[in-house]
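What follows is calculated from the coordinates using simple rules that are stated; it is not laboratory data. Quantities reported herein were computed from a predicted structural model and do not represent experimental measurements. Positions of Cβ are generated from backbone atoms using ideal geometry, with glycine treated the same way; all protein chains shown enter the neighbour counts.
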Amino acid sequence: MRNALTFLVLAAAVTTGGCSVFKGHANSPDEFAVARNAPLIIPPDFSLAPPVAGTAGLSPADAQQQAIDALFGGPAQRSPGETSLLDAAGRDSAQLGIRSQVWDPDTRIVDKGPTTVQILTAANSSTNVASAQTGQ
């Protein structure tokens with residue numbers, strides 16, 4: 001009976017300990033065994049033409065557009081569903097510069113109410129203390 005109890009305790013210890021009982025300590029990564037990356041090199045075929053004397057360079061607008069196209073890939077093609085949705089919304093009838101006109105203080109696109117209009121048209125103050133006045 002005593003041998004059976006000893007065997008069960010030993011079996012439980014080995015089972016709960018797992019393989020670490022037989023290995024000693026666990027292998028941890030060695031921070032000094034990290035491989036170094038190869039140095040950066042310039043590829044031999046970089047397809048850049050040298051500038052030619054006497055020719056005009058790019059204007060700043062052209063250079064900016066080239067940079068934007070290189071970063072973002074140029075204008076994306078619209079799907080047929082998106083095109084039909086924009087046509088139904090009337091994209092051809094939109095006024096030029098409408099986005100800058102919407103935030104114009106003289107533009108009234110929504111009835112803001114007298115209190116909101118009073119707040120928006122209040123004179124600028126040079127103090128950092130807020131004050132409220134009710135107009136009755």
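Okay, here's what the table says:
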| quantity | calculated |
| --- | --- |
| Likely footprinting exposure, 9, 52, 117, fewest C-beta neighbours within 10 Å first | 52, 9, 117 |
| Ascending count of other beta-carbon atoms within 10 Å, so fewest first, for 31, 82 | 31, 82 |
| Rough spin-label spacing in nm, given labels placed 7 Å along Cα→Cβ, for residue 96 and residue 8 | 9.3 nm |
| Inter-probe distance in nm under a simple model that places probes 7 Å from Cα toward Cβ, at residue 16 and residue 31 | 3.3 nm |
| Projected label distance in nm at residue 121 and residue 82, using a 7 Å step from Cα toward the beta-carbon | 4.2 nm |
